[in-house]
Amino acid sequence: MSDREVKEMQRRIDKGILLAQQRLVERARLFGTTLVVMRDGQVMDLSPDEL
């Protein structure tokens with residue numbers, strides 16, 4: 001695989017991860033649930049609006 005192909009694949013992966021995160025937040029808002037995240041080495045339970 002060329003460097004160009006690797007960069008394009010990484011760009012597409014990054015775009016997919018961002019889309020998945022956005023959908024997860026929207027789903028949590030829709031169903032009124034919280035999200036578990038790690039901030040500064042601590043596990044936190046946050047509402048979607050706190051992100």
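Since every read-out is calculated from the coordinates, none of them should be taken as a lab result. In this text the structure is predicted, and so the values were computed from the model without any measurement. Neighbour counts run over all protein chains shown; Cβ positions are idealised from the backbone, glycine included.
Scanning the range 28-51 for residues that are surrounded by 12 or more Cβ atoms within 10 Å (Cβ to Cβ), in a strand (DSSP E or B) and among the β-branched types (Val, Ile, Thr) gives a single hit, Val37. Val25 - would you say it is on the phi < 0 side of the Ramachandran plot, in contact with a helix residue (DSSP H, G or I) (Cβ under 7 Å, 6 or more places away or on another chain) and part of a helix (DSSP H, G or I)? Yes; evaluated as a whole, the condition is true for this residue. List every residue pair whose Cβ atoms lie under 8 Å apart, where the two residues are 6 or more positions apart in sequence or sit on different chains, the first residue falls within the range 1-25 and is closer than 21 Å to Leu35 by Cα, and the second residue, located anywhere, is surrounded by 10 or more Cβ atoms within 10 Å (Cβ to Cβ) and not polar (S, T, N, Q). Here the result reads Leu24/Leu35; Val25/Leu35; Val25/Pro48; Val25/Leu51, each pair linking the range 1-25 to a residue that is surrounded by 10 or more Cβ atoms within 10 Å (Cβ to Cβ) and not polar (S, T, N, Q).
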